[in-house]
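Read through the structure below, which is laid out as structure tokens, and then see the notes.
The values are calculated or read from the model by the stated rules, or taken from the named source; none is laboratory data. Source: prediction; values computed, not measured. All Cβ positions, glycine included, derive from the backbone under ideal geometry; neighbour counts span all protein chains shown. These area figures cover heavy atoms from the full protein model, side chains too; ligands, DNA and RNA do not enter into them. Shrake-Rupley method; radii C 1.70, N 1.55, O 1.52, S 1.80 Å.
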Number of protein chains: 2
Amino acid sequence: MTQTPDSSSTRATALRGRLDEAPIERRALRDGVYDKLLELLLEGGVQPGQSLSIDGLARDLGVSPTPVREAMVQLEHTGLVTRAALKGYRVAPPLTRERMAELVDARSLLELAAVRGAIPLTDNGLLHLKAAHADHVVAAAEVKESQSQDDGTEWPALRRYYDADWAFHRTLFEHCHNSYLLQLAQSLSPQVHRMRQSAGHGVTDVDLAVAEHAAILRAATTGDVEATVEQMRSHLEGVRQRSLADSADA
Amino acid sequence: MTQTPDSSSTRATALRGRLDEAPIERRALRDGVYDKLLELLLEGGVQPGQSLSIDGLARDLGVSPTPVREAMVQLEHTGLVTRAALKGYRVAPPLTRERMAELVDARSLLELAAVRGAIPLTDNGLLHLKAAHADHVVAAAEVKESQSQDDGTEWPALRRYYDADWAFHRTLFEHCHNSYLLQLAQSLSPQVHRMRQSAGHGVTDVDLAVAEHAAILRAATTGDVEATVEQMRSHLEGVRQRSLADSADA
DNA sequence: CCGCGCTGAATCCTATAGGAAACTCACCGG
DNA sequence: CCGGTGAGTTTCCTATAGGATTCAGCGCGG
């Protein structure tokens, strides 16, 4: 059975405590296509400048061009692909050092504002942040394990690590009492992911990031706004350094 | 650079001075549909919550559903419409007072950062800002004239005024040496337009806005960063007051 | 040797058609 | 009186087809 009619509202309120976090999500084909293409672009399996044929992608994915077209409109907004009218879509050119610096600046602006709005955290917010950090630690361990094997299959672990990292930051945005900050940060997040992908960094960065996140979490626990801001600033400065360290601006 | 055909570079450079501002823009149908729908939503000709039927809009616009669908994906990202899978699109609910305050806060964060990055302006930037301000003054006069007639046709003038107002602010973003700030501000701008539309304000606000813009321009001319920041802060505080003054949070 | 025009295939863009799901509303049993 | 059920209609979602445009390759004239 595909759908849950859920006509009995009385029972719904009774279960509200259990399924408030899982709104049954019906997905059209275009959402799945979007996820697939996003994964492809973030993994770096396509060269910048390469053309992305609508019909070709539709054939490869086994769907018709219409949902692919919709997904491309969505991707166009992330900045990962560029569109030329009547000429199709192409993978966006790689980020230059200058653009990377701008990206980190813009992100810092949003993140520091989010911290100022989120601290002191509510009890619920603190729980979420702790959970996100714990997941980040686990993902970091998995990355280190997969990299020790070095069998070429480290991408899934890396992807999971990136998601956990972003989830930690996103938690702060979700509790900063300004929904637009979250929206803005999310619109920047694909570019941030791409930046990290282009500058393949080593295991040491993972440890540093985890340590800095831990410092942020400690400061957030105390409820000291300025201390948390300072830890976040330090973390973002680290991110900046590590990102710009090795960037072969093609 | 990837592939700039640019075969006739000699002639291109000869004409560079004349057509650098007018890149011939080929538009597909979906771009025109997007503009039409954006106009419709910003004008307020549709009630919040009203369903926007793909087929119906396609019939009304005299096109097929496919370009309408693409335009809706684009609109969905602006927050002016909401989408439920397998249920279609609806006009987004109106902004509550709280959301308006959040919006002004987020906008202020970006605008103040832009001023800090843009001042002191380059000669070119200063020229652009002056031109934008002059256009804003003209548009303001047109609004006052059209409102004195009060024949129900004030919308075109108001729309033009909004565009000129936003162009002034956008100029600062364009010269702040951070392309992502401009991108973020542009993603917020539809909501800002909608906010102004929902809170129908009078002629007096136009004069105030023009005066505050003039103050910003004067400070920017001197090249004093902090003075310009202060004028922008004052302006945005005025915007906040006027926006929240009359808001019938439905 | 270089620029120019032509031809063909590939691709984009739009229109149309059909299957599937959701909403409306009358009907009926309790 | 109220909740459940079923057909009918509307709408969304996807697939397919056709016209329009771009791009690559080739031959020709200057």
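Peptide A:176-184 has a mean of 6 when you count, residue by residue, the C-beta atoms of other protein chains within 10 Å of its C-beta.
Across all directions, the average flat footprint of the convex hull enclosing the Cα atoms of region A:97-245 is 8.0 nm². Once neighbouring chains are kept in place and the probe is 1.4 Å, which whole percent of the accessible area of region A:25-91 is contributed by carbon and sulfur? Taking all protein chains in place, region A:25-91 shows 47 percent carbon and sulfur surface.
Placing unit charges on the Cβ atoms of the charged side chains and taking the dipole of region B:97-245 about its Cα centre, the candidate lying farthest along the positive direction among B:Leu112, B:Ser179, B:Val210 is B:Ser179. When only Cα pairs below 8 angstrom with a gap of at least 6 residues are kept, region A:57-185 shows a relative contact order of 24 percent. Dipole check for region A:97-245: with +1 at the C-beta of Lys and Arg, -1 at the C-beta of Asp and Glu, and the Cα centre as origin, the magnitude is about 320 Debye.
In summary, region B:42-140 shows an alpha-carbon radius of gyration equal to 1.53 times the 2.2 N^0.38 Å reference for compact globular proteins. Taking every alpha-carbon pair under 8 Å whose residues sit at least 6 apart, region A:97-245 reaches a relative contact order of 41 percent. Mean partner shielding of peptide B:188-195, defined as the number of other chain Cβ atoms within 10 Å of each residue Cβ, is 1. B:Ser148 contributes about 90 Å² of solvent-accessible surface, heavy atoms of the protein only, 1.4 Å probe. Rounded to the nearest 20, the Cβ-based charge dipole of region B:29-79 about its Cα centre (Lys and Arg +1, Asp and Glu -1) stands at 120 debye.
Shown for B:Gly223: label points 7 Å from Cα along the beta-carbon vector, and their distances to the equivalent points in the other copies, 4.8 nm in ascending order.
Ordering B:35-48, A:182-195 by mean Cβ neighbour count within 10 Å, with the highest value first, yields A:182-195, B:35-48.
Each Cα pair under 8 Å and six or more residues apart adds its sequence gap; the mean of these over the residue count of region A:25-91 is a relative contact order of 40 percent.
Calculated from the alpha-carbon coordinates, region B:29-91 shows an Rg and a Dmax of 10.4, 27 Å respectively. On association of chains B and A, roughly 3100 Å² of accessible area becomes buried (total for both chains; probe 1.4 Å).
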